[in-house]
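First up is the structure itself, then whatever we jot down about it.
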Amino acid sequence: MYAYPDLQLYIDGKWRKTAEDMPVVNPATGQEIGRLPSAGKSDLEDAMAAAEKGFRIWRDTAPKERADVMMRASALLRERQEEIAQSITAEHGKPLDQARLEVIRGCEFFEWDAGEATRLYGRVIPSAPDTKYTVHHRPLGVVAGLSPWNFPMSQPARKVAGAIASGCSIILKAAEETPAGALHIARAFHDAGLPAGVLNLVFGEPAMISDYLIRQDAVRLVAFTGSTAIGRQLTTLASEHMTPVLMELGGHAPVIVCEDTDVQKAAISGAVRKMRNAGQVCTSPTRFFVHESIFDEYVEAFVKRASETRVGDGTEDGVEMGPLANERRVPMLMGLVEDARAKGATVATGGSAMDRAGYFMEPTVLVNVPDDARVMQEEPFGPLAVINSVASLDEAIEKANSVPFGLAAYGFSNRADYIDRMAEGIEAGNVSFNTLEASLPETPFGGVKSSGYGREGGTEGLHNYTYVKNISHSMKIL
């Protein structure tokens, strides 16, 4: 039996408590499982001083040494997989199998970026005799990393991996609802020998912490994952200080299902993936546009599989979907369902909160939802799918692009011309065909339009954490 961890801040290589704290609640029961220390101004001042000191050490550390520390930390996280997964399930509610996979996914981010630390190549530009032009990628400095609650370990891992691999230091403000994943990351890096000050972990009142950090001259990048509304606020504040930002914001992913696909497989795949993490995924497939010739068959198969989703406490064997991560999600989702119903949509399955302890909602499928329903424009971020009929691929692409978001999109077809038209026509940073996997450590991940800008992962991932320095060297004084 694994105990929920003793939550603390991590500043300048040391753990600390604070006088102010807040409860951490298990969403499957509504019961308190821990107390989270809340950083005050003096804690943030200490974290800033530590991060500035840590950066001066870490920027001059050889890339191979940075990579070695990251690999040691990742190995420790893999060894501690079960303990971390138990903590994630307790604070977030997701099934243990999904929590275990999240730990491994976080480790893969560290391992990929550890390799990229040694491959952050510059270049030599051809020049005249006695002259040399070289281009270097240099670490920016202190990073303010702000991570969300939906993936307690893998989302902080992406921020920490990018910063540390590139030679930056980081102050990570992890989500108050789900702090344990970030805490375990800090523990692993501490045990792996990361110099004090390179990684600092704080929790507390989000607006106060982000406002303080972004206003600091030493903060050279704001890396944020979260809602579009908050992302806009942070970007506005950062722009006042000419601080660059990396924004991975909301999505409202369309799925185009063409008439030539395997209907049963596509429908079952969509229903399973939609309910993963209780739909609380920025890349979660949500708006399904299905060709009219296969619409009825697709809806029947999708609804059947969605309604069979086993919902329960994430610690129970066989559970596929846990509770929503916090209490405020339930009324928000119910509001979207009621609005769609009032405007003529059909609730094919689900549509209600579950009558049990915790923050549970039935897997829900809405069919024939009008364009003016809120759920067609607002990301539900929950176990709610919309399935509508379309007459053509052109109509499907138009509807897919009709929202201000462009993070992920999906298509199902076996025709090369259909795939090519969707690949060219869909406005999204990540487009996948015949799979609902949108992101891997080795591929660049990020959005367009209101889904943000910048990329995490792939060979592009570390570029956000560096600046380009051009060196011109004449062998003679001119």
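Using only alpha carbon positions, build the gyration tensor of the chain, then give the equivalent ellipsoid semi-axes as the square roots of 5 times its eigenvalues, largest first, whole angstrom.
Values for the chain, descending: 39, 29, 19 Å.
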Practice problem: With a ≥ b ≥ c taken as the square roots of the eigenvalues of the C-alpha gyration tensor of the stretch 87-233, please select rounded if a/c is under 1.5 and otherwise prolate if a/b is larger than b/c or oblate if it is not? | Solution: prolate
Quiz prompt | Surrounding net charge for ALA19, when Lys and Arg each add one and Asp and Glu each subtract one, Cβ distance under 12 Å | solution = 0
Quiz item: Under a straight-distance cross-link criterion of Cα-Cα below 12 Å, which aspartates and glutamates are reachable from LYS53, leaving out those fewer than 8 residues away in the same chain?
Solution: ASP12
Quiz item: Which distance in nm do the two modelled labels at LYS41 and SER352 give, with both placed 7 Å along the Cα-to-Cβ direction?
Solution: 5.2 nm
Quiz item: For the stretch 123-221, what is the percent of antiparallel DSSP beta bridges, rounded to the nearest 5?
Solution: 20 percent
Practice problem: Putting +1 on Lys and Arg Cβ atoms and -1 on Asp and Glu Cβ atoms, find which of ALA50, GLY30, PHE224 reaches farthest to the positive end of the dipole of the chain. | Solution: ALA50
Quiz prompt | Antiparallel DSSP beta bridges within the chain, as percent of all bridges there, nearest 5 | solution = 45 percent
Exercise. Quote the relative contact order of the stretch 255-347 in percent (integer), defining contacts as alpha-carbon pairs under 8 Å separated by 6+ residues.
Key: 28 percent
Quiz item: For the stretch 1-127, which semi-axes, largest first and in whole Å, follow from the square roots of 5 times the eigenvalues of its Cα gyration tensor?
Solution: 33, 23, 12
Quiz prompt | Amide H contacts under 5 Å for VAL245, placed H, 5+ residues apart | solution = VAL222
Practice problem: Place the peptides 242-253, 87-98, 156-167, 213-224 in order of packing, highest mean first, counting for every residue the other Cβ atoms within 10 Å and averaging per peptide. | Solution: 156-167, 87-98, 242-253, 213-224
Quiz item: So what is the relative contact order for the chain, in percent, with contacts set as C-alpha pairs under 8 Å and at least six apart?
Solution: 18 percent
Quiz item: Rounded if a/c is under 1.5, else prolate if a/b is larger than b/c, else oblate: which is the stretch 113-160, with a ≥ b ≥ c the root eigenvalues of its Cα gyration tensor?
Solution: prolate
Quiz prompt | Proximal aspartates and glutamates to LYS449, defined as alpha-carbon separation beneath 13 angstrom and excluding residues fewer than eight positions away on the same chain | solution = GLU248, GLU427
Exercise. Count the lysine pairs in the stretch 253-441 whose Cα atoms sit under 20 Å apart, keeping only pairs 8 or more residues apart in sequence or on different chains.
Key: 5
Quiz item: Once every DSSP H run of n ≥ 4 in the chain is given -39500 (n - 2.57) and the sum is divided by its residues, what mean residue ellipticity at 222 nm do you get, rounded to the nearest 500 deg cm²/dmol?
Solution: -11500 deg cm²/dmol
Quiz prompt | Rg/Rh (Cα only; Kirkwood hydrodynamic radius) as it applies to the stretch 253-441 | solution = 0.95
Quiz prompt | Degrees, to the nearest 10: 295-307 long Cα axis against longest axis of the chain | solution = 70 degrees
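Where a number appears in this text, it was derived from the coordinates with a stated rule and is not lab data. Keep in mind the model is a prediction, meaning the values are calculated, not measured. Here the Cβ is made from the backbone with ideal geometry for all residues, glycine too, and neighbour counts use every protein chain on show.
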